[in-house]
Amino acid sequence: MSAFALRSSSRYRRRRPTLEDRVIARMLARSLDRELAAGAPAHLSGAHAARLGQLTTDRTRRAVANGLDRLIERADAPSSRFQRTAAPCREQVREATETMRAIAARLRSAEPLEARGIARLRTLLSDPTGPFYTPVQADSLAVALHETIRLLDVVG
């Protein structure tokens, strides 16, 4: 049986992620987040399935919510020459503050959320060329956040 046939079998999709899958998912978190946010299915690999599970934990949800809060604070704080990370696009973050706070509140709640939306948020937060940090268009952050809200909603 070929590797493709094995991976496309229903038995592979139902397999629980192994310890190795979970370790690989942690090591490749950024790239897996990008793939999952773009719509890659969780059954693509054991690492994808493991990452999907990691994204929905309370710890990860709190960390992403805290990242949104930090961006809001940094957008209001005076700029520093000694800043180690990319500075947020103040105008875009200020305009999207209410939406960011609403998303952070959802992340901190017990409400079920789709891992794909959490992956999208992590990708946006970590991309120094993305709408949180670069003023590509006047409303690019608002558009990205509304798309993310749609991805967070559990369909069922």
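Values in this text are rule-based calculations from the coordinates and carry no lab data. Model, not experiment: these values are computed from the prediction. Glycine gets a Cβ as well: all are built from the backbone with ideal geometry, and neighbour counts include every protein chain shown.
Determine the sum of side-chain charges near Q92: Lys and Arg each +1, Asp and Glu each -1, restricted to other residues whose C-beta is under 14 angstrom from that of Q92.
-3
Of L151, A110, S79, which is farthest towards the positive pole of the chain's charge dipole, taken about the Cα centre with +1 and -1 on the beta-carbons of Lys, Arg and Asp, Glu respectively?
After comparing all options, I get A110.
With springs only between Cα atoms under 10 Å apart, run a GNM on the chain and tell me which of R106, R59, R30 wobbles the most.
R59
Might you report the magnitude of the Cβ-based charge dipole of the chain about its Cα centre, with Lys and Arg at +1 and Asp and Glu at -1, to the nearest 20 debye?
760 debye
Taking neighbour counts of Cβ atoms within 10 Å as a proxy for exposure, in what order, fewest first, do M100, M27 appear?
Taking fewest neighbouring Cβ atoms as first place, the list is M27, M100.
Starting from the Cα-Cα distance between R15 and R101, subtract it from 0.36 nm times their residue separation and give me the gain in nm to one decimal.
Value of the extension gain: 27.3 nm.
Got a sec? Which residues in region 123-156 would a label at A87 touch, if it sits 7 Å along Cα→Cβ and we count backbone N under 17 Å?
128-136
Let's test the formula: R0 of 25 Å, r as the Cβ-Cβ distance of R26 and D69. What FRET efficiency results, to the nearest 0.05?
0.60
Just for the Cα atoms in the chain, what are the lengths along the principal axes, largest first, rounded to whole Å?
On the principal axes, the chain reaches 60, 35, 28 Å in Cα extent.
What is the sum of charges, Lys and Arg at +1 and Asp and Glu at -1, for the other residues whose Cβ falls under 12 Å from the Cβ of R22?
So the environment of R22 carries a net charge of +1.
Report the residue, chosen from R15, R84, R120, that carries the largest GNM mean-square fluctuation when the chain is represented by alpha-carbon nodes joined by springs under 10 Å.
Judging by the Gaussian network model, the answer is R84.
Count charges around A75 for me, please; just the other residues with Cβ under 15 Å from its Cβ, Lys/Arg as +1, Asp/Glu as -1.
-1
Per-residue counts of other Cβ atoms within 10 Å, averaged by peptide: what ranking do you get for 128-140, 87-99, highest first?
For the peptides 128-140, 87-99, the packing ranking is 87-99, 128-140.
Could you tell me the center-to-center distance, by alpha carbons, between region 45-67 and region 78-153 in angstrom?
17 Å
What full-extension length gain, to one decimal in nm, is calculated for D127 and A38 as 0.36 nm per residue of separation minus the Cα-Cα distance?
Roughly 30.6 nm would be gained on extension.
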